1. At a threshold of 8 angstrom on Cα-Cα distance, excluding pairs fewer than six apart, so keeping six or more, what relative contact order does the chain reach in percent?
2. Just to confirm the number: angle between the C-alpha axis of helix 146-158 and the first principal axis of the chain, 0 to 90 degrees, nearest 10?
3. Please report Trp42, Trp249, Trp73 as a ranked list, fewest other C-beta atoms within 10 angstrom at the top and most at the bottom.
4. Going by C-beta contacts inside 10 Å, put Met1, Met103, Met27 in order with the fewest on the left.
5. Can you spot the lysines whose alpha carbon is less than 21 Å from Lys143's alpha carbon? Ignore those fewer than 8 places along the same chain.
6. Can you pull the one-decimal nm distance between simple spin-label points at Ala131 and Ser77, each 7 Å off the Cα toward Cβ?
7. Please report the antiparallel percentage of DSSP beta bridges with both residues in the range 138-255, rounded to the nearest 5.
8. With the contact rule set at Cα under 8 Å and sequence spacing of 6 or more, what percent relative contact order holds for the range 105-245?
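Nothing in this text is a laboratory measurement; each read-out follows from the coordinates by a stated rule. Computed from a predicted model, the values in this text were never measured in an experiment. As a convention, Cβ positions derive from the backbone with ideal geometry for all residues, glycine included, and neighbour counts pool all protein chains shown.
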Amino acid sequence: MNAALALSTYREEQRSVTWANERLERMPGVTRRGTSDGQINWVSAYQLTPENADAAIAAEILHFNKLGVEFEWKLFSFDEPTDLQAHLSKAGFEIGDREALVMFDLQDGLEGFEADRDVEVRHANTPAVIADYRQITESVFDKDFALTESHLLAALETGNPGHDAFVAYVNDEPVSGGRLYTDPNSAFGGLYGGGTLPAFRGKGIYRSVVRARAEFALNQGCRYVLVDAMPTSLPILLRQGFVHVADSWACTLNC
């Protein structure tokens, strides 16, 4: 994979491509993105400098405080200025755990994506499979996924593509799952919300879920798939051929 090209394409899309059911605002120094219903909001830097970073951060805090909504600052290792994390910390943001931004060029083929023959991966195209996905993710991540379930059900009911879940079953028991975001205007398919029940880890099941989503993304016309990988999944993804192109941190404001 040409990692420099993939990352350059990703950075350009962050500023220019509005996905379905999302909104995008290009502001001086930052890019605002979020869901169209306003429930999820995030900001990323765009050509900030040491001189204007503090003012830009303060302006975003003021903006979202006026709206009365929470927001996340998505910090990347390629952001300028290079000490942007320190500026965010000074403004009261809590810096989340580092995640590895990894990408795979689907034009390289999926031969290296192993799949366990004893695992059945189902596309969540029925309410029952969507419910299984919620059950798995709530067990793995210990948080409420009711909002995610409602978004998946809405996409299913309206027939709007772009947000899909996949569930792996062993002996008809749901044990692992993950989501895929795609958009016709984007070269990327985003792999999110992936997790496996503790008793079934280390058996190659997560790899099967990654492969199923990659195949679906390829059929949707994506050039790349990407993951914000935690330390638990990063080694698996690197073995499958993903390339580590940058790091990111989710930064939340301590109010």
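1. 26
2. That helix lies at roughly 70 degrees to the long axis.
3. In increasing order of surrounding Cβ atoms, one gets Trp42, Trp249, Trp73.
4. Ascending Cβ contact count within 10 Å gives the list Met27, Met1, Met103.
5. The reachable lysines, counting only those whose Cα sits under 21 Å from Lys143, are Lys74.
6. 4.3
7. Of those bridges, close to 75 percent are antiparallel.
8. 28
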